Amino acid sequence: MLSSLRYLAGTAGPSGFGSRATAEEATAGCGDLRHVTAIITGATSGIGAETARVLAKRGARLVLPARSLKAAEDARARLRAECPGADVVVLPLDLSSLASVRRFVARFLALGLPLNLLVNNAGKYADRFAVSEDGVEMTFATNYLGHFLLTRLLLEKMAETARATGVEGRIVNVSSTIHSWFAGDDAVGYLDRVTRRKIPYDPTKAYALSKLANVLHTRALAERLREMNANVTANCVHPGIVRTRLIRDRDGLVTNTVFFLASKLLKTIPQAAATTCYVAVHPAVAGVSGKYFADCNEASPSRLGASSEEAAKLWSFSDNITAEKVQKMGVHVSASSFRLQVQSSNADRGMALA
């Protein structure tokens, strides 16, 4: 009850910020960011676009991956209109395709740029069941698995940049409090059953699972970064409840009524981007890794989200399923109790750039 009242009032937490802080306010004390090169997924609209705008305003060089190059080029034009001279690179990326992720990373590395910050922000909510070209349920593939591979392929570049510059690298995974809606103790097993159509597809549960995977990824990633002795941190954030395009795509009487009744709980997009920006660049978060943030303060994930065992299981599964040899062979992969058939495709055969 007390936490709800603090949220509604926007009361500042230990960080000095609360639920009503904006991204600009949360980064006001961060100084010049011209030494930062950042990749931000999902930066053509909503929270990602505001994150990009605020970081560009502070001087950061931005790399904007997007499935639609037209949307990315429009986003770059808006950024340059507000921030003349902004250094913004646009590259194609479809996160639902592992081959596309590999091509993006190859193109980025070929540019010879450093990489200080990776913001895994892009997300989708799929009303209807679909699988990616790699045979993975589409919400999970886009919101989590593509980001997992993207992060894995960029880790060495981030560690190398941190060593060369002495500046801490940061990875921010955008999750959601909805991760706590996933009930059960076997996330990977649930994905298997949904993918093989053994149980009905529930879009909300699929979305919750993908957001839980973001939380678990963060926990396992932070541990691996420590093992690498890399000067890079990984944290995840809940941006808050905000009516972005992800929700507007489902406009209707029920959706509109719910959001009208919940209007006092909604954040504006500048407020929703605050926690991402705070965790990405604020000095107070230096050295903090493996944590979950909400309203610009550390918070607690769900019981399942805090499980190191489940995080390790998901990492093992993800590592296997994204392995290049698996994609080429189109075989079954076993990770704990999970068995998912990865389908070969024309796109899979085009991964020579990896």
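The values are calculated or read from the model by the stated rules, or taken from the named source; none is laboratory data. Computed from a predicted structure; not experimentally measured. Methodologically, a virtual Cβ is constructed for each residue, glycine included, from the backbone with ideal geometry; neighbour enumeration extends over all protein chains shown. Side chains included, ligands, DNA and RNA excluded: accessible areas come from the protein's heavy atoms. Shrake-Rupley method; radii C 1.70, N 1.55, O 1.52, S 1.80 Å.
Got a sec? What order do Ser300, Ser175 fall in by accessible area at 1.4 Å, biggest, i.e. largest, first?
On the way: Ser300 100, Ser175 5 Å².
From most exposed to least exposed: Ser300, Ser175.
Restricting the count to DSSP beta bridges whose residues both fall in the range 1-151, what percent are antiparallel, rounded to a multiple of 5?
Just about 10 percent of them are antiparallel.
Pop out the Kirkwood hydrodynamic radius of the range 196-245 from its pairwise C-alpha distances, inverse of mean 1/r, in Å to one decimal. Working shown, then result.
Details: mean 1/r = 0.0746 Å⁻¹.
It works out to 13.4 Å.
Suppose the chain between His35 and Ser308 were pulled fully straight at 0.36 nm per residue; how much longer would it get relative to their current alpha carbon spacing? Before the final figure, lay out the partial values.
Numbers: separation 273, 0.36 × 273 = 98.28 nm, distance 3.41 nm.
That pair, His35 and Ser308, stretches by 94.9 nm at full extension.
Enumerate the residues in the range 17-49 having an amide nitrogen under 18 Å from the point lying 7 Å beyond the Cα of Ala284 toward its Cβ.
17-32
As an exercise, find the ratio Rg/Rh for the range 14-88 from alpha-carbon atoms, using the Kirkwood inverse-distance average for Rh. Walk me through the numbers on the way to the answer.
Numbers: Rg = 12.6 Å, Rh = 12.8 Å.
Reported Rg/Rh, Kirkwood definition of Rh: 0.99.
So what is the relative contact order for the range 31-120, in percent, with contacts set as C-alpha pairs under 8 Å and at least six apart? Walk me through the intermediate numbers first.
On the way: 149 pairs, mean separation 30.3, N = 90.
About 34 percent, as a whole number.
Going by average Cβ density within 10 Å per residue, which order do the peptides 58-65, 143-150 take, highest to lowest? Show your work: numbers first, answer last.
Values: 58-65: 23.5, 143-150: 26.6.
Going from most to least packed, we get 143-150, 58-65.
So, in nm, how far is label Glu24 from label Lys198 when the simple model puts each one 7 Å beyond its Cα toward the Cβ?
My value for the distance between the label points is 5.2 nm.
Going by average Cβ density within 10 Å per residue, which order do the peptides 316-324, 96-104 take, highest to lowest?
Packing order, densest peptide first, comes out as 96-104, 316-324.
Would you mind classifying the range 90-200 by shape? Square roots of the alpha carbon gyration tensor eigenvalues, ordered a ≥ b ≥ c; an a/c under 1.5 is rounded, otherwise it is prolate if a/b is larger than b/c and oblate if not.
Working: a/c = 2.76, a/b = 1.82, b/c = 1.51.
Note, shape of the range 90-200 comes out prolate.
Quick check: with the 1.4 Å probe, what order do Lys267, Lys70 take by accessible area, largest first? It would help to have the intermediate numbers written out before the result.
On the way: Lys267 15, Lys70 125 Å².
The ranking, largest first, comes out as Lys70, Lys267.
Under 19 Å from a point placed 7 Å out from the Cα of Thr268 along the Cα-to-Cβ direction: which residues of the range 23-50 have their backbone N that close?
Output list for this probe position: 23-29, 45-50.
Obtain the nm distance between the two label points defined at Ser316 and Leu69 by a simple spin-label model: each point lies 7 Å from its Cα along the Cα-to-C-beta direction.
The two pseudo-label positions are separated by 4.2 nm.
Using a probe of 1.4 angstrom, how much of the accessible area of the range 1-157 is carbon and sulfur, in percent? Show your work: numbers first, answer last.
Details: 3210 of 6090 Å².
The computed percentage sits at 53.
Taking N as the number of residues in the range 11-148, what is its Cα Rg relative to 2.2 N^0.38 Å? Kindly include the intermediate steps, with their values, before the conclusion.
Details: Rg = 16.1 Å, N = 138, 2.2 N^0.38 = 14.3 Å.
That ratio works out to 1.12.
Provide the gained length on full extension for the span Arg226 to Leu113, in nm with one decimal, where the gain is 0.36 nm per separating residue minus the Cα-Cα distance.
Working: separation 113, 0.36 × 113 = 40.68 nm, distance 2.40 nm.
Computed gain between Arg226 and Leu113 is 38.3 nm.
Could you compute the FRET efficiency for Phe129 and Glu156, with r as their C-beta to C-beta distance and R0 at 35 Å, rounded to 0.05? Please report the intermediate quantities before stating the final value.
Values: r = 36 Å, r/R0 = 1.02.
The value I calculate is 0.45.
Applying a 10 Å radius around every beta-carbon, put 213-220, 189-196 in order of their mean neighbour count, most first.
Details: 213-220: 26.4, 189-196: 18.2.
Packing proxy ranking, top to bottom: 213-220, 189-196.
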